[in-house]
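A quick write-up on the structure given underneath.
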Amino acid sequence: MGITLAYLGAIVVLPLAALAIRPWELGLSGVWQELTAPRVAAALKLSFGLSAIAALVNAPLGLLLAWTLTRYEFPGRRILDALVDLPFALPTAVAGIALTAIYAPNGPLGAVFAKFGLKTAYSPLGIFIALIFIGLPFVVRAIQPVLQDVDAEVEEAATTLGANALQRAVFVVLPAIAPSLISGVSLAFARAVGEYGSVVFIAGNMPMKTEIAPLLIVIKLEQYDYAGAAAVGLAMVAISFGALVVINAVQIHLAGRGRR
Amino acid sequence: MSGQRTSSIRLPGLSILLVLASALVMGMLVLLPLFEVFRGAFEKGIGPYLAAVREPDALSAIRLTLLVAAIAVPLNAAFGVAAAWCIAKFEFRGKSALLTMIDLPFSMSPVVSGLVWVLLFGAQGWFGTWLIDHDVKIIFATTGLVLATILVTFPFVARELIPLMQDQGADEESAALTLGASGFTTFFRITLPNIRWALLYGVLLCNARAMGEFGAVSVVSGHIRGLTTTLPLHVEVLYNDYDFVGAFATASLLASLGLITLVLKTGLEWRHAGELSANRRH
């Protein structure tokens, strides 16, 4: 017990204390100035905005995959199921350079997009694709067990009452999995906000345009602006934490309504 | 993923369409990047590939990666067992706070996990001057890489063990203790065998992340070639030097590690599902 706490203190609590205290040597107005500086504000907006969109797009994608994997029997289902975890298992830097190669203007998919006049790599769209990639498993893995356990009796009751398959899917199954869908999406969001390795290669890293918040921390550290870096880091932690609290509240509300 | 279906809804008319759509999403989004890594690595044939992997900087990156994982993973495994033991077998105040602290590194950006160590031990960090006076180097050295890796992979083992050990309760341990077994014997003959597969599962995930971590180590590394570049950082250095074959060759090593992890993990899920924590039983 004592050892556990000591280790936890040294590895987690002490470093986080540094993160929480360090920015304030700039003073309250200094921190505010730091965070509202155009370049920082743009990076924070880009990171949180794109992460939110990517997490929301992952909801239907994850729903599709989880549904297919739990409801149908087809050759290769187990392999497909195992592959869902690949974005977890693949080191982020590896995913980063691979995605960049694919979506670069001369890459296999980048060239296709380029024909339609869309720039994928080195644009916000590229960052968005990388964020979809790393967020997808969170959504699938959150829904899958619940989708498997949806009570057959309830569905049968709905059938007896004359509901067709689509009606049952939308009105019976969807409400049952909604809380876990939300928690999957919020996990994907939290991961996307902080993601560095798989984004930094494809982003192009142009200040004000495709520069993500984690990269800005790295840049500030390279300039020995410790307090500034800590301010951005603390802001990221605080905003994600706030977002998760809100999402949690929504989830509890939904779960409560489902039970009544 | 055992075969039993409890539900009746399959949307029969759409089935083929949905399966194809899923396969397409996975193919485009997940399989294509994996394929691209190996295509890039062997683009110029096997010779340049081997040359890139055998280059001294690559070899030292491999050694450093193995070293960092060899320190970080056992430490976090030991902590994971200790923490899960405390949480599952005893009642105390502040338990949920402890659980939150353990989970915290999961929700932090890897870059922030690196940043906090720089704030402590960097040249202008809290202990920076003291370290310089005593000629100890933590940031831009192996120690910093290890610390950052430990923080990032901190929750993996504990997270696998806590739900499992909570399910198992403390009955068997109390029985053994009543029968006169020492605490030590009880741990090695009762607790450890009960959790071994879940422990292995956690160590597997912890190790994969430790070897593949990029953001956190990139902050504390300083990118000194051949000295403080782990494999993922070596990939970055080569890529930024436009040595694409070298970068993808190194990346293919890491991708293979990821694939092996995936295979072992899936094997554990199929074979020992009953002995993993409930949310891992597919």
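The values are calculated or read from the model by the stated rules, or taken from the named source; none is laboratory data. What you see is a predicted model, and the numbers here were worked out from it, not measured in a lab. Quick reminder, even Gly has a Cβ in these numbers, built from the backbone with ideal geometry, and neighbours come from all protein chains shown. The protein model used for the area step is the full one, side chains on, heavy atoms only, and it has no ligands, DNA or RNA in it. Shrake-Rupley method; radii C 1.70, N 1.55, O 1.52, S 1.80 Å.
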Practice task
Tell me, yes or no, whether the range B:172-191 has at least one residue that is touching a Pro at 6+ places or on another chain (Cβ under 9 Å), part of a helix (DSSP H, G or I) and buried (at least 21 other Cβ atoms within 10 Å of the Cβ).
Solution key: no
Handout entry: When residues of the range B:12-55 are limited to those that are within 15 Å of residue A:133 (Cα to Cα) and of a type in the set (Val, Ile, Thr), the one surrounded by the most Cβ atoms within 10 Å (Cβ to Cβ)
Key = B:30
Fill in the blank from the handout: Selection from the range A:151-161 of residues aliphatic (A, V, I, L, M) and either more than 8 Å from every other protein chain (Cβ to nearest Cβ) or buried (at least 20 other Cβ atoms within 10 Å of the Cβ) (or both) yields A:154, A:157, A:158, A:161
Practice task
Could you grab the pairs with beta carbons closer than 8 Å, sequence gap of 6+ or different chains, first residue in the range A:7-32 and among the hydrophobic types (A, V, I, L, M, F, W, C), second one exposed (fewer than 13 other Cβ atoms within 10 Å of the Cβ) and modelled with pLDDT of 85 or more?
Solution key: none
Completion exercise
The one condition residue B:227 fails out of (1) in contact with a Ser or Thr (Cβ under 9 Å, 6 or more places away or on another chain); (2) open to solvent by 30 Å² or more (accessible area, probe 1.4 Å); (3) not in a loop (DSSP other than H, G, I, E, B) is (3)
Handout entry: Verdict on residue A:16 being of a type in the set (A, V, I, L, M) and open to solvent by 10 Å² or more (accessible area, probe 1.4 Å)
Key = yes
Problem - So residue B:214, is it closer than 22 Å to residue B:142 by Cα and among the aromatic types (Phe, Trp, Tyr) - result: yes
Fill in the blank from the handout: When restricted to A:142, A:82, the only residue small (Gly, Ala, Ser), touching a residue at least 60 places away in the same chain (Cβ under 8 Å) and over 14 Å from residue B:29 (Cα atoms) is A:142
Exercise for the section: Give just the number: which of (1) open to solvent by 40 Å² or more (accessible area, probe 1.4 Å); (2) hydrophobic (A, V, I, L, M, F, W, C); (3) at the interface with chain A (Cβ under 9 Å from one of its Cβ atoms) does residue B:197 not satisfy? Expected result: (3)
Handout entry: helices (runs of 4 or more DSSP H) enclosed by the range B:80-139 - at least 2 residues per element that are surrounded by fewer than 19 Cβ atoms within 10 Å (Cβ to Cβ)
Key = B:95-107, B:128-133
Handout entry: Criterion (in contact (Cβ under 8 Å) with a residue 12 or more places away in the chain, facing chain B (nearest Cβ under 8 Å) and open to solvent by less than 10 Å² (accessible area, probe 1.4 Å)) met by exactly one of A:194, A:184
Key = A:194
Practice task
Give the range B:71-119 a look and list any residue that's facing chain A (nearest Cβ under 8 Å), in contact with a Lys or Arg (Cβ under 8 Å, 6 or more places away or on another chain) and farther than 18 Å from residue B:209 by Cβ, or say none.
Solution key: B:119
